[in-house]
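Computed from the coordinates by the stated procedures, all read-outs in this text should not be read as laboratory data. Because the structure is a prediction, the values reported are computed rather than measured. Reconstructed Cβ throughout: ideal geometry from the backbone, glycine too, with neighbour counts over all protein chains shown.
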Amino acid sequence: MYKIDFFSPGVLMKIQTLDFIAELEKREKQVTSYLCSREFESWFHPEHLKEAIYSYVNRAGKRLRPAVLLISCGAVGGREEDAIPAAAAVEMFHTWTLVHDDLIDNDDKRRGGHTVHAQASLIAKQELQYTDSQAKDYGRDIAILAGDVQQGWAVSLLCDCSLKRNVKPEITLTLIKMLESYVLTTLVSGETLDIQFAKKRIESFEPEQILDMLWRKTGVLYEYSAKAGAMIGLSTTGAQDKRIKALSSFTSKCGTAFQLQDDILGIVGNEKQLGKPIGSDIREGKRTTIIYYAFKKASPQQKTRLENILGKPDATNEEIEEVTQLLEQLGGISETKRLAEKIIQEACLELDVLTDSPYKKLLLAWADFMISRKF
């Protein structure tokens, strides 16, 4: 059972026995079932590309974005069933960003298995007898192509809101335009900043710059998810409705807090539980609030040591452990945890405009899960 105690002015909610994980899994199954229908599976060829497209879909995932889209739809009185294609679209849009992000970061693990480019590279060596160099190129190419298809599929899935459900065409068109303009450009700009930041000196940053980058990379798609669900639930394109604005702001802030927790887990999480490598952010030299807060308190010798190891692709496990201990001792992790909790508290205040309901309780539990999760 998932439990949460939360208080905010005007709202006092104590969720004693809400099985939040079960609610999350129920919606995960709905979205996965929709994506894995025979109609869609018949679209993709050849087999290696199809395997790449479905690789992450077929693995257990949190599906937090589609879940909050469906819950937001219900929170404003809508039918979740009408929003399932949009939830599937958000999941597929998120998936292509993961495929390309893993390639950019040179990560080999995702959700307990090989990343798309790593898996395609292995297949190339085993089935096609490619050399290591040829296989690496093949893996990269398949990952790029799979991500391209997934991005297009996300738009097609949004069309199903009107073609297969009861969503007005003008709402569907508004959601497509919003996703392919505002969300896409904001998210890619965040990824670009993340890449650029890794080469800049740590002391040149302020937390606000890092938080803005995190929001662009992660928060914007969460914001869109709630907005899309609420627009479908209210059957309106009027994004200025106070409930739509509240849910959008709520998930936008929660998305940033989610990324802060992701940064923490990327350093001190359980690799088996997390399903991806621990320490890769250190080797890539990611500029996180953890690094910022630790560096602020570090001695000159500690700063030198951090600078020498951060961004070192071939850093040894011993060096990674050394940096991890420094980040903990200097308060980088604890300060980031406090920041994430503060953002979540601020986010939950946005929900005061919603009528109390089981859906509102689910949203509060969802917010708490964003920073208490271990995977």
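For E180, put the label point 7 Å out on the Cα→Cβ axis and report which residues of the stretch 129-161 keep their amide N under 12 Å from it.
Counting backbone N atoms under 12 Å from the label point, the list is 151-159.
Cut-off is 10 Å between beta-carbons; in what order do C36, C73 appear when sorted fewest neighbours first?
Exposure proxy ranking, most exposed first: C36, C73.
Looking only at S156, S42, S181, which one moves most when the chain is put into a Gaussian network model with springs between Cα atoms under 10 Å?
S42
Starting from 0.36 nm per residue, how many nanometres of slack lie between K29 and Q345 once their C-alpha separation is accounted for? It would help to have the intermediate numbers written out before the result.
Numbers: separation 316, 0.36 × 316 = 113.76 nm, distance 2.95 nm.
Gain in length upon complete extension: 110.8 nm.
Using 0.36 nm per residue of separation minus the Cα-Cα distance, give me the extension gain between F375 and L163 in nm, one decimal.
Numbers: separation 212, 0.36 × 212 = 76.32 nm, distance 3.57 nm.
Extending this stretch completely gives an extra 72.8 nm.
To make sure I understand, if each residue's beta carbon is the centre and we count other beta carbons within 10 Å, what order do M231, M178, M213, M370 fall in, fewest to most?
Numbers: M231 30, M178 18, M213 23, M370 27.
Taking fewest neighbouring Cβ atoms as first place, the list is M178, M213, M370, M231.
Compute the signed sum of charges (Lys and Arg +1, Asp and Glu -1) over the other residues within less than 11 Å, Cβ to Cβ, of A298. Don't skip to the answer; put the middle values down first.
Details: positive: K296, K297, K303, R305; negative: E203, E307.
Spelling it out: positives minus negatives among the neighbours equals +2.
What order do you get for K199, K245 when you list them from fewest to most C-beta neighbours inside 10 Å?
On the way: K199 9, K245 16.
Fewest to most other Cβ atoms nearby, the residues stand as K199, K245.
For the chain, which DSSP H helices look membrane-span-like by this rule: Cα extent along the axis of 15 Å or more and mean Kyte-Doolittle of at least -1.0?
Working: long enough: 20-35 (23 Å, -0.51); 64-75 (16 Å, 1.58); 80-105 (36 Å, 0.15); 116-127 (16 Å, -0.04); 132-163 (46 Å, 0.08); 184-197 (20 Å, 0.65); 220-234 (21 Å, 0.80); 242-268 (39 Å, 0.22); 317-329 (18 Å, -0.95); 332-349 (26 Å, -0.06); 358-372 (21 Å, 0.55).
For the chain, where a helix must reach 15 Å along its axis and average at least -1.0, the hits are 20-35, 64-75, 80-105, 116-127, 132-163, 184-197, 220-234, 242-268, 317-329, 332-349, 358-372.
Near Q134, within a Cβ-to-Cβ distance under 14 Å, what is the net charge of the other residues, with Lys and Arg +1 and Asp and Glu -1?
Values: positive: K125, K136, R140; negative: E127, D132, D137, D141.
Computed value for this residue: -1.
Specify the residue with the greatest mean-square fluctuation among Q129, Q119, Q30, computed from a Gaussian network of the chain linking alpha-carbon atoms under 10 Å apart.
Q129
How high is the relative contact order of the stretch 120-167, in percent, counting Cα pairs under 8 Å that sit 6 or more residues apart? Write down the numbers at each step before the final one.
Details: 21 pairs, mean separation 14.3, N = 48.
Reported relative contact order: 30 percent.
Residues with amide H under 5 Å of R110's amide H, sequence separation 5 or more or different chain, H placed in the peptide plane at 1.01 Å from N; which?
Under 5 Å from the amide H of R110: T115.
From the Cα gyration tensor of the stretch 72-220, with a ≥ b ≥ c the square roots of its eigenvalues, which class applies: rounded if a/c is under 1.5, or else prolate if a/b is larger than b/c, or else oblate?
oblate
Kindly flag which residue pairs out of K303/K337; K227/K276; K297/K374; K50/K168; K337/K374 have an alpha-carbon separation exceeding 24 Å in this structure. Before the final figure, lay out each step's value.
On the way: K303/K337 22 Å; K227/K276 30 Å; K297/K374 27 Å; K50/K168 32 Å; K337/K374 13 Å.
From K303/K337; K227/K276; K297/K374; K50/K168; K337/K374, over 24 Å: K227/K276; K297/K374; K50/K168.
Comparing G61, G266, G78, which has the greatest mean-square fluctuation in the GNM of the chain with Cα pairs linked when under 10 Å apart?
Highest fluctuation among the options: G61.
Measuring from centroid to centroid over Cα atoms, what is the spacing of the stretch 132-192 and the stretch 287-315 in Å?
Cα centres, the stretch 132-192 to the stretch 287-315: 36 Å.
Taking 8 Å as the Cα distance limit and 6 or more residues as the minimum spacing, I'd like the relative contact order of the chain as a percentage.
Numbers: 572 pairs, mean separation 72.2, N = 375.
The normalised contact order for the chain reaches 19 percent.
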